[in-house]
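As structure tokens, the structure follows; a few thoughts come after it.
Laboratory data are not the source of any read-out in this text; all were calculated from the coordinates shown. It should be emphasised that the depicted structure is a prediction, and the values quoted were computed from it without experimental measurement. When we count neighbours, we look across all protein chains shown, and the Cβ atoms used for this are built from the backbone with ideal geometry, even at glycine.
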Amino acid sequence: MAEGSRGLSEPAYFVLAALLDGPKHGHAIIKTVLALSEHRVKLPVGTLYGALDRLAAGGLVVLDREETVDGRRRRYFRLTEEGGTQLRAEALRLRQAASIVIGTVLA
């Protein structure tokens with residue numbers, strides 16, 4: 001796994017999940033992560049770009065394109081095939097881990 005044998009960090013997981021429906025620029029990723037995590041994961045800009053750099057180094061995301069909007073550069077990132085595979089594997093791992101606890105509590 002790109003983030004180590006324990007799986008993805010919560011911010012990395014949500015960054016990848018934010019890119020499931022297509023490329024996004026930084027501010028859109030931050031807003032999507034906030035919504036997907038039900039406001040639990042708040043990513044400062046520096047944290048987001050650090051995570052994107054690590055995910056890119058691991059081959060999980062790539063720079064899709066750059067554009068200038070109102071004089072500001074926007075970089076759009078997209079999920080790679082490997083990133084999608086990693087995200088699905090992590091979701092399954094979390095589901096299996098949760099089922100152990102939920103099964104024990106509900107039994």
The chain, Gaussian network, Cα under 10 Å: of Pro23, Pro11, Pro44, the residue fluctuating most is Pro44
Here the stretch 75-89 yields Karplus 3J(HN,Hα) values (6.51, -1.76, 1.60; θ = phi - 60°; whole Hz; Gly and Pro given as x) of 10, 9, 10, 9, 6, 8, 4, 4, x, x, 5, 4, 5, 5, 5
Here, GluC sites (Glu not before Pro) of the chain satisfying both criteria (DSSP loop; at most 14 other Cβ within 10 Å) are Glu38
Candidates Leu34, Leu19, Leu55; GNM for the chain (alpha-carbon contacts under 10 Å) flags as most fluctuating Leu34
Given 25 °C, 0.890 mPa s and a Kirkwood radius over Cα pairs, the Stokes-Einstein diffusion coefficient of the stretch 59-107 in µm²/s is 181 µm²/s
To the nearest 20 debye, the stretch 46-92 has a Cα-centred charge dipole, built from +1 on Lys and Arg Cβ and -1 on Asp and Glu Cβ, of 140 debye
With x for Gly and Pro, the residue-by-residue ³J(HN,Hα) of the stretch 17-33, computed from phi through the Karplus equation 6.51 cos²θ - 1.76 cosθ + 1.60 at θ = phi - 60° and given in whole Hz, is 4, 5, 8, 4, 8, x, x, 9, 8, x, 4, 5, 5, 4, 5, 5, 4
The residues Thr80, Thr85, sorted from fewest to most surrounding Cβ atoms within 10 Å, come out as Thr85, Thr80
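Over all alpha-carbon pairs in the stretch 14-107, figure out the percentage whose distance exceeds 24 Å. Intermediate results must be reported in sequence, preceding the final value.
Values: 1206 of 4371 pairs.
So the pairs more than 24 Å apart make up 28 percent of the total in the stretch 14-107.
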Neighbour-count ranking for Tyr76, Tyr49, Tyr13 (other C-beta within 10 angstrom, fewest to most) reads Tyr49, Tyr76, Tyr13
For Leu60, the residues 5 or more places away or on another chain with a placed amide H closer than 5 Å to its own amide H are none
